[in-house]
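Everything on this sheet refers to the single structure shown next.
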Amino acid sequence: MRRILFPITSAAAGGLMTLSFAPFNYWVCGLLSLTLLAWVYLQASGGKVIKGRRALWLAFCFGLGLFASGGSWVYVSITNFGNAAPH
C-alpha cells in the first residue's frame, strides 16, 4: 500500500503547485505543495536521506502531476499571445 501511496501523493503535490501560479494566485498552495513533497520524501525514506531511484521516481511523479494539471498554459500562450491559429 505504501509503495503506491507515495507516488500518488507526490503527483497530487505537483498538481497542487499549479494553484500557486496565475490565474489562481493562491501562493499558500505553493508552500503547502513543497511541504507535502518534503513529507513524502521523509516518510518514504523512513527519516533518512532519500536517494537513488526512489528519489528520482518521486520527483518524476511530482513533475508529472505539475505538468498534467498545468500544461494547458502552453496552448493558451501559443494561441492567445503568439497569435498562432488554433487547431
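With N denoting the number of residues in segment 7-85, provide Rg(C-alpha) divided by 2.2 N^0.38 Å, to two decimal places.
1.29
Taking only C-alpha pairs under 8 Å that are 6+ residues apart, what is the relative contact order of segment 2-81 in percent?
So the answer I get is 42 percent.
Can you tell me the 0 to 90 degree angle between the C-alpha axis of helix 27-45 and the longest principal axis of the chain, rounded to 10?
With both axes taken from Cα atoms, the answer is about 30 degrees.
Note the angle between two axes, namely the Cα long axis of helix 2-17 and the longest principal axis of the Cα atoms of the chain, as a number of degrees from 0 to 90, rounded to the nearest 10.
Once rounded, the angle reads 30 degrees.
How tilted is helix 53-70 with respect to the longest principal axis of the chain? Cα atoms for both, answer in degrees (0 to 90, nearest 10).
30
Coordinate-derived values only; no laboratory data. Note that this is a predicted model, so its numbers are computed, not measured.
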